[in-house]
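Structure first, then comments.
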Amino acid sequence: MAGKTKKRCVMCGREETPSNHVVQVYDELTICEDCINFIDSQRDAEANLRNKTKKKSEKAGKSIPTPKEIKAFLDQYVIGQDEAKKYLSVAVFNHYKRINQQVADDDVDIEKSNIILVGPTGTGKTLLAKSIARLLDVPFTIVDATVLTEAGYVGEDIESLLTRLLQTCDYDVERAERGIVFIDEIDKIARKSDNPSITRDVSGEGVQQGLLKLLEGSTVLVPPNGGRKHPEQKMIAVNTKNILFICGGAFDGIERKIASRLNTHMVGYGHDEKARKQQRENLMRYVLPQDLKSFGLIPEIIGRLPILTSLDPLDRTALRRILTEPKNAITRQYSKLLELDGKTLEFTEDALDMIVDKAIEYKLGARGLRSIVETVMVDIMYEAPSSEDKTVTVDAAYIASQLDKAHFDLAKN
């Protein structure tokens, strides 16, 4: 009796073996598992190539907004700070124009320009960076510099900045390498003292030294889950050459160093006291790199943050506009919340003025506007959903009563 004929693959011609099963697709169409796996791999490779080509064409087709368009967009979310907006708009425009440039025939190598924002807390440093990332549709992350330490010490390693950036774009390395990293509280890693010490400054100068390679642009091996607690995990190589770093800090006390440099303390009669007071109140606008150095930043890191701009303290007019004009203004947010319940919320003009006056009186700044409005609106948000009234009006008398009930006078300095 003749033996059973073995099936043969029509692609490679090999007969069926125990390690390579031949599948009968149709009557006379038989393909071995090795060829099926080869077909699958080729299909996946072509699909990936098509996706990459599509992404590149979309990227090339998307134009970069001009500096004026960037500033106009920022104006919708951040009130005032025109000088800082101009610096940011130009820096971001030049940065992404540099990334998208074609390979040139000349020898000109355009380097990126990282930014450092100096200004009091609550003036809009973080909001400016967030708004720019929203406009450009690029990966964006905020990292608090206060948690960073040198490798091997308790705290987060320098590479965790890039881990956070990778997480925001689902570990798409190509997208992450075009993103924006905002390092908040950069002033908190200033060198603690010029005096020699037997202890290491692991969260100050040591962190500044570690940031140098990231800011300048180099290939960094990043742990996907952060930290060095899992040495077996596979590292991800990220090139920081095209990542824009924006640093922000309040630099509390730097005004004294600026005043010392400017020698604003004048002796004698005949000087314009009003002009001197104005100069003292706006000292931050005169900040220079040497002031950052005297504050405690090392020269190497200052050199890698070439664009230095300051944010002005918020006056009464700016606070009044912040309360109502931006798209994410706190009064608009509460109006939207009540609108979802079918209610209309109205703030009288004297109520808005009182909120601003209290924010200035309690020295709470822009963030204080939200604190005051949240305190005032608690009872309304509790009663309104079950009330039959369609309109809710907030006046100055109601605000005063709510703040008294919340003992807000204790916040006054």
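The values are calculated or read from the model by the stated rules, or taken from the named source; none is laboratory data. Note that this is a predicted model, so its numbers are computed, not measured. Cβ: placed from backbone, ideal geometry, glycine included. Neighbour counts: every protein chain shown. With ligands, DNA and RNA removed, areas are computed over all heavy atoms of the protein, side chains included. Shrake-Rupley method; radii C 1.70, N 1.55, O 1.52, S 1.80 Å.
Taking the stated definitions as given, is Thr66 polar (S, T, N, Q), modelled with pLDDT of 85 or more and either in contact with a helix residue (DSSP H, G or I) (Cβ under 8 Å, 6 or more places away or on another chain) or within 30 Å of Ala129 (Cβ to Cβ) (or both)? Yes: the conditions hold for Thr66.
A quick yes/no check of all residues on (1) among the hydroxyl-bearing types (Ser, Thr, Tyr); (2) in contact (Cβ under 8 Å) with a residue 40 or more places away in the chain:
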residue: Phe295; (1), (2): no, yes
residue: Ile301; (1), (2): no, yes
residue: Leu305; (1), (2): no, yes
residue: Thr309; (1), (2): yes, yes
residue: Asp312; (1), (2): no, yes
residue: Lys327; (1), (2): no, yes
residue: Arg332; (1), (2): no, no
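Give region 213-233 a look and list any residue that's assigned to a loop (DSSP other than H, G, I, E, B) and at pLDDT 85 or above, or say none. I'd like the intermediate steps shown before the answer.
Of the residues in region 213-233, the ones assigned to a loop (DSSP other than H, G, I, E, B) are 217-218, 223-233.
Correct list: Gly217, Ser218.
On the given criteria, is Leu162 surrounded by 17 or more Cβ atoms within 10 Å (Cβ to Cβ), part of a helix (DSSP H, G or I), at negative phi and touching a residue at least 60 places away in the same chain (Cβ under 8 Å)? So Leu162 fits the description; yes. Residues in region 295-315 that are assigned to a helix (DSSP H, G or I) and open to solvent by 60 Å² or more (accessible area, probe 1.4 Å): Pro299, Glu300. Screening Met377 on (1) surrounded by 15 or more Cβ atoms within 10 Å (Cβ to Cβ); (2) in contact with a Lys or Arg (Cβ under 7 Å, 6 or more places away or on another chain) shows it passes everything except condition (2).
Contact annotation: residue pairs with Cβ atoms under 6 Å, 6 or more positions apart or on different chains, pairing a residue in region 199-212 that is at pLDDT 60 or above and assigned to a loop (DSSP other than H, G, I, E, B) with a partner that is of a type in the set (A, V, I, L, M, F, W, C) and crowded, with 20+ Cβ neighbours inside 10 Å, are Gly204/Ile189.
Scanning region 243-258 for residues that are open to solvent by 50 Å² or more (accessible area, probe 1.4 Å) and within 22 Å of the chain's Cα centre (by Cα) yields a single hit, Asp252. Any idea which of (1) at pLDDT 85 or above; (2) of a type outside the set (A, V, I, L, M); (3) in a loop (DSSP other than H, G, I, E, B); (4) open to solvent by less than 30 Å² (accessible area, probe 1.4 Å) is the one Gly122 doesn't satisfy? Only one criterion is unmet by Gly122, namely (1).
Name the residue, out of Leu283, Leu292, that is under 26 Å from Leu88 (Cα atoms), surrounded by 19 or more Cβ atoms within 10 Å (Cβ to Cβ) and modelled with pLDDT under 90.
On the way: Leu292 fails: modelled with pLDDT under 90.
Of the residues listed, the single one that is under 26 Å from Leu88 (Cα atoms), surrounded by 19 or more Cβ atoms within 10 Å (Cβ to Cβ) and modelled with pLDDT under 90 is Leu283.
Residues of region 69-93 that are of a type in the set (Gly, Ala, Ser) and modelled with pLDDT of 90 or more: Ala72, Ala84, Ser89.
Sort through Glu185, Glu174, Glu156 and tell me the only one that's open to solvent by 40 Å² or more (accessible area, probe 1.4 Å) and at pLDDT below 85.
Working: Glu185 fails: at pLDDT below 85; Glu174 fails: at pLDDT below 85.
Just a single option satisfies the conditions, and that option is Glu156.
Scan region 335-373 for residues that are open to solvent by 60 Å² or more (accessible area, probe 1.4 Å) and either in contact with a Ser or Thr (Cβ under 8 Å, 6 or more places away or on another chain) or within 10 Å of Leu319 (Cβ to Cβ) (or both) and the total you get is 6.
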